[in-house]
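Rule-based calculations on the coordinates, nothing more; no lab input. The shown structure was predicted, so the numbers you read here are calculated from the model rather than taken from an experiment. Here Cβ is always computed from backbone atoms with ideal geometry, including for glycine, and neighbour counts include all displayed protein chains.
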Amino acid sequence: DDPLLELGGAPVRSLATADWKYIRSTEPELYDLRVDPNELKNLLATQSQQAKQMEERLANLEQKMTQRASGDVQLSPQEQRALESLGYLGGASHNISRGPGETLPDIKKILPLFNAVDDIQHQIAAGDGAQAETAARQLVAQAPDFVDAKLALVEALLLQAKYAAGRKVLEQILNRYPENSKAHFQLGMLEAAQSHRKVAVTHFRK
């Protein structure tokens, strides 16, 4: 699932008929395709019985599906952590950090955060580090568990040569996710900018 592996959100499943479309997620959706082909009005609250029927049909279909057999692959602990940090191995995505037992966020709540990071990246590309830093700090305050917001903040700080502040943010990320490749890359850039080449190479290798 892209929502799970790429964005760190709840997996999405859907079932569509000629008349209805049902989407299963943390916040389910139901659309009447006859009058709302663009899926603009979620009818889950007013058509709960129809949603229940669609969920039952979806669950029955899933039970009838045959899983493909997969071969066993032996990974070292380091390889496993590296893959997890990139969002593989059962959806261990670290774009959104969460505690054990917490419900994964709905994709609808995550996408605005990614769009905000995209806007910050445009500011960085334009060379406006101060504006990008302000926007990134606001986003981190709004979504403190959103790792990509912190990474965008680091980029804005490095653009302004605020190395100590950038290092502090990266250390926070790596304390929680020691194998996060993006954080290691940015730390390598930080070290290289300060002519710490050997240390930079260490992080680039990671």
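Electrostatic tally near Ala132: other residues with Cβ closer than 10 Å to its Cβ, Lys and Arg +1, Asp and Glu -1, net -3. Label zone of Gln160 (point 7 Å out along Cα→Cβ, amide N under 12 Å): in the stretch 129-154 this covers 129-138, 153-154.
Residues whose amide H falls under 5 Å from that of Trp20, counting only those 5 or more places apart or on a different chain, are Leu33, with hydrogens built in the peptide plane.
Give me the net charge of Tyr22's neighbourhood, meaning all other residues with Cβ under 12 Å from the Cβ of Tyr22; Lys, Arg count +1, Asp, Glu -1. With Lys, Arg at +1 and Asp, Glu at -1, the net is -1.
Only lysines eight or more places from Lys108 in sequence, or on another chain, were considered; those with a Cα closer than 23 Å are Lys21, Lys41, Lys52, Lys150.
Potential lengthening of the chain between Arg34 and Leu61 amounts to 7.4 nm, from the contour at 0.36 nm per residue minus the alpha-carbon distance.
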